[in-house]
Each structure stands twice: as structure tokens, then as C-alpha cells.
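Accompanying notes for the structure given below.
The values are calculated or read from the model by the stated rules, or taken from the named source; none is laboratory data. Being a predicted model, the structure only gives us computed values, none of them experimental. We place every Cβ from the backbone using ideal geometry, glycine too, and count neighbours over all the protein chains shown. We work out accessible area using only protein heavy atoms, side chains counted, and drop any ligands, DNA or RNA first. Shrake-Rupley method; radii C 1.70, N 1.55, O 1.52, S 1.80 Å.
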Amino acid sequence: MIDLRSDTVTKPSEAMRHAMATAPVGDDVIDADPTVAKLQSTIAEMLGKPAAMFMPSGTMTNQVAVRLHCKPGDELICESGCHIYNYEQGGFAQLSGLVAKTVTGQGSVIQLEQLDGLIHPDNEHAVYTRLVCLENTHNRGGGVVLPYDGVVEICEWAHQNGLKTHLDGARLFNAVVASGISVDQWAKHFDTISVCFSKGLGAPVGSALIGETEMMHEVRRHRKLFGGGMRQSGVIAAGALYAIENNITRLAEDHQTSQIIAQGVSQIEGFHLEPERVDTNIVIFKIDRDICTAHEMCDALYEAGVWVLPFSREHVRAVTHLHITPDQAESACRVIQQVAHQRLSRARST
Ligand SMILES: *Cc1c(COP(=O)(O)O)cnc(C)c1O
């Protein structure tokens with residue numbers, strides 16, 4: 001089975017497991033766990049910020065960030081396909097009493113002009129606009145790397161207008177490797193950044209929220225409130241540390257295997273890459289309605305040994321990661337082409 005469902009399906013290597021098994025630990029709620037402390041200082045330093053806090057998931061780091069920047073009744077601005085708005089159960093509303101203003105970007109990329117006039121005036125009819133959230137790379141956008149200059153413009157606009165900025169950087173290191181722009185360069189425009197160790201980096205668990213030292217007292221309180229205070233969490237932090245020490249530059253390999261898949265899919269009649277250009281490790285393709293649904297295609301591919309997920313009625317997502325070799329990517333292509341041709345001839349003959 002070639003598992004292209006997500007870059008979260010990776011399992012820790014022997015070396016990563018060894019690092020986890022031998023990590024020094026302590027109680028990170030009572031005081032501190034030395035391995036968590038080391039992970040936090042390492043990731044903060046990489047991003048050029050003073051402090052970081054380790055949490056169990058990227059959903060939690062995002063939700064703690066919006067909680068930190070906003071009060072109940074405030075509004076955040078985000079792209080309409082983003083994770084914070086679509087895949088976190090509206091946690092910003094459920095947990096923190098916030099509303100969201102969504103902006104549908106061009107190919108998932110918000111343009112500065114689209115933000116013009118979105119900040120509410122101080123008027124008793126309106127909520128306060130407090131925060132802009134961006135996502136890089138953008139998952140629903142097909143792993144697109146945000147244009148650097150656009151990110152700078154939007155963050156400058158936000159700060160000039162008294163707003164805070166948060167980056168959902170679940171796959172920020174994919175953006176770093178694909179763009180050649182360093183992680184601290186991307187990070188410096190944001191007040192807070194969330195990064196996931198459990199995506200392409202290949203750790204089993206964990207994310208970090210990175211920002212200023214003064215924020216961390218509140219961040220730690222919110223993490224505890226949301227149930228993220230962990231005890232001997234050095235065991236999992238060691239996997240994350242191993243991941244950032246060993247698995248960043250190799251993301252380039254995932255970007256190559258995704259190109260193989262994109263190439264193969266683009267040759268199939270009735271199949272369309274969306275977006276057409278694949279920047280990183282995510283390939284999304286649309287299937288013409290008269291061929292079959294995304295669900296039917298995923299079921300048929302599963303039977304044939306390729307595991308991918310439907311992303312909408314017509315869209316399928318395939319994600320490459322550290323267990324996928326170029327050979328596997330090639331054979332996944334062949335399987336997708338075979339299954340597609342079967343469906344195509346069935347659809348065209350009826
Ligand atoms: C995976 C992901 C997250 C966090 O997901 P968790 O499963 O909660 O760790 C956040 N944002 C994006 C864009 C993601 O892809």
C-alpha cells in the first residue's frame with residue numbers, strides 16, 4: 001500500500017525512537033522538562049524569536065494564538081480555505097468567543113487590496129478587528145508557498161493598523177525549502193508562529209507556538225486551560241528535536257516525489273491539477289464529473305494499492321512524505337493512470 005493520505009502518516013525511525021527512549025525528562029507542568037526546554041529554545045532560535053511553547057497539536061497552537069491576541073467579541077481576518085477556519089471546529093468561536101472575516105484569496109493567496117476597508121471602525125455596532133492569520137504553505141491551496149513580498153505587505157499593513165499577525169506554519173519548513181527563504185526571514189513579520197513537527201518533519205506528536213518572551217506566561221495559561229499541560233513530555237519533544245535536527249533539508253525529496261505524481265496525473269484525460277503548479281508536497285487534482293466522484297476514485301485506488309483522500313466531491317489530495325521513495329511515486333502514478341483509464345473508458349462507453 002502506498003499511503004499518500006497525508007504527511008502525518010509517517011512513523012518514527014529507529015534513530016528517532018532511540019532519541020525519544022533516552023531523552024532526559026521532568027514534570028513540565030510542575031516546573032520544566034529539560035528536553036521540552038531544549039526543543040523550545042532550539043525552535044525559537046531557529047525562527048529568530050526569543051521564546052516558544054511546546055503543545056500536543058497544531059490545532060492547539062493556533063487556538064492558543066488567537067486566544068492570546070483577541071478577547072471575546074473580537075474579529076480575526078483569515079483566508080476562507082485556511083485550517084483555522086475550516087478544520088478546527090470553529091474553535092476560535094467555541095473556545096474564545098471570536099468571529100472570523102474570511103477573504104477568498106487568488107489561488108488561496110490573499111491580495112493586499114482585498115484587505116482594504118475590512119477593519120471595523122470603533123463603533124458600538126461592530127466587533128473589534130484584532131488579528132490577521134495567514135497559512136504557509138496553504139493546505140487547501142495545494143501546498144502553495146505564499147509569495148514572500150505579499151506576506152511582508154500584509155503584515156506591514158496589519159501592524160500599521162494596530163492588528164496582530166499570526167502564521168499557521170504547520171508546513172512552514174516546506175515553504176522554506178521550496179522558496180530558499182530562511183525560516184527566520186519568514187517568521188520575523190509575525191507576532192506568533194505555529195509550526196508542526198508531526199507533518200513532513202516526521203515526528204509522532206507535537207507543535208510549537210513561537211513568539212515573544214512576555215507572551216509566554218499567558219500562552220502557558222491558555223495551554224493549560226485547553227488541556228495541553230503535559231508532564232514528562234520530553235519523550236515526545238525528543239522526537240520533535242530529532243525531526244528539526246535531521247528532517248528539514250530532506251523535505252526537498254518530498255517536493256520531488258510530488259512532482260512525479262503531478263506529472264503523471266497531468267497526462268490523464270479528464271484529470272486536472274488544481275493548482276496547476278505544485279510548489280511543495282501536496283498534489284490536488286480535479287476529476288471531470290462525467291468520469292466519477294473523488295470518493296469513487298479514492299475507493300478504486302485503494303483497491304489497487306494507492307491510498308489517497310477525497311478533498312471535495314471532485315477533488316482528490318495526494319501528499320508525499322518521508323516514507324515515499326521516487327520508485328513508489330512512479331508506481332503510484334502508474335496505478336492512478338490505470339485506474340483512471342478504466343473509469344474513463346467505462347464513463348465514455350455509457
Ligand atoms: C495539520 C495542520 C494543522 C494542525 O493540525 P493538528 O492535527 O491539530 O496538529 C494546522 N494547520 C494546518 C495548515 C495543518 O495542515
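Where in region 23-101 are there helices (runs of 4 or more DSSP H), lying wholly inside it, with at least 3 residues that are open to solvent by less than 30 Å² (accessible area, probe 1.4 Å)?
Result: 34-46, 58-69, 91-96.
Can you pull out the residues in region 201-226 that are farther than 21 Å from PRO50 by Cα and without any contact (Cβ under 8 Å) to a residue 40 or more places away in the chain?
Within region 201-226, just LEU225 meets the criteria.
Is at least one residue of region 117-133 within 15 Å of the ligand (Cβ to nearest atom) and either farther than 18 Å from THR61 by Cβ or buried (at least 22 other Cβ atoms within 10 Å of the Cβ) (or both)?
yes
In region 194-221, how many are closer than 29 Å to ARG17 by Cβ and open to solvent by 30 Å² or more (accessible area, probe 1.4 Å)?
Residues in region 194-221 being closer than 29 Å to ARG17 by Cβ and open to solvent by 30 Å² or more (accessible area, probe 1.4 Å): 4 in total.
Checking VAL144 against (1) in contact with a Pro (Cβ under 7 Å, 6 or more places away or on another chain); (2) away from the ligand (no atom under 16 Å from the Cβ); (3) of a type in the set (A, V, I, L, M), which test does it fail?
Exception for VAL144: condition (2).
Being charged (D, E, K, R), open to solvent by 70 Å² or more (accessible area, probe 1.4 Å) and under 22 Å from ILE324 (Cα atoms) is the filter here; which residues of region 277-305 pass it?
Answer for region 277-305, where residues must be charged (D, E, K, R), open to solvent by 70 Å² or more (accessible area, probe 1.4 Å) and under 22 Å from ILE324 (Cα atoms): ARG277, ASP299, GLU303.
In this structure, does ALA240 turn out to be open to solvent by less than 20 Å² (accessible area, probe 1.4 Å) and not in a loop (DSSP other than H, G, I, E, B)?
Details: open to solvent by less than 20 Å² (accessible area, probe 1.4 Å): yes; not in a loop (DSSP other than H, G, I, E, B): yes.
Yes: the conditions hold for ALA240.
Take GLY48 and tell me if it is within 23 Å of CYS155 (Cα to Cα), touching a residue at least 12 places away in the same chain (Cβ under 8 Å) and within 16 Å of the ligand (Cβ to nearest atom). It would help to see each step written out before you state the result.
Numbers: within 23 Å of CYS155 (Cα to Cα): yes; touching a residue at least 12 places away in the same chain (Cβ under 8 Å): yes; within 16 Å of the ligand (Cβ to nearest atom): no.
Criteria not met by GLY48.
Do you know which of the residues in region 164-182 that are in contact (Cβ under 8 Å) with a residue 40 or more places away in the chain and under 14 Å from LEU251 (Cα atoms) is nearest to the ligand (Cβ to nearest atom)?
ALA170
Of the residues in region 249-276, how many are touching a residue at least 60 places away in the same chain (Cβ under 8 Å) and open to solvent by 30 Å² or more (accessible area, probe 1.4 Å)?
The total comes to 11.
So, in region 1-22, exactly how many residues are open to solvent by less than 20 Å² (accessible area, probe 1.4 Å), assigned to a loop (DSSP other than H, G, I, E, B) and touching a helix residue (DSSP H, G or I) at 6+ places or on another chain (Cβ under 9 Å)?
So the count comes out to 2.
Answer yes or no as to whether GLY150 is more than 16 Å from the ligand (Cβ to nearest atom) and either out of contact with any strand residue (DSSP E or B) (no Cβ under 9 Å at 6 or more places or on another chain) or open to solvent by less than 10 Å² (accessible area, probe 1.4 Å) (or both). Talk me through it step by step, then tell me what you get.
Values: more than 16 Å from the ligand (Cβ to nearest atom): yes; either out of contact with any strand residue (DSSP E or B) (no Cβ under 9 Å at 6 or more places or on another chain) or open to solvent by less than 10 Å² (accessible area, probe 1.4 Å) (or both): no.
No; evaluated as a whole, the condition is false for this residue.
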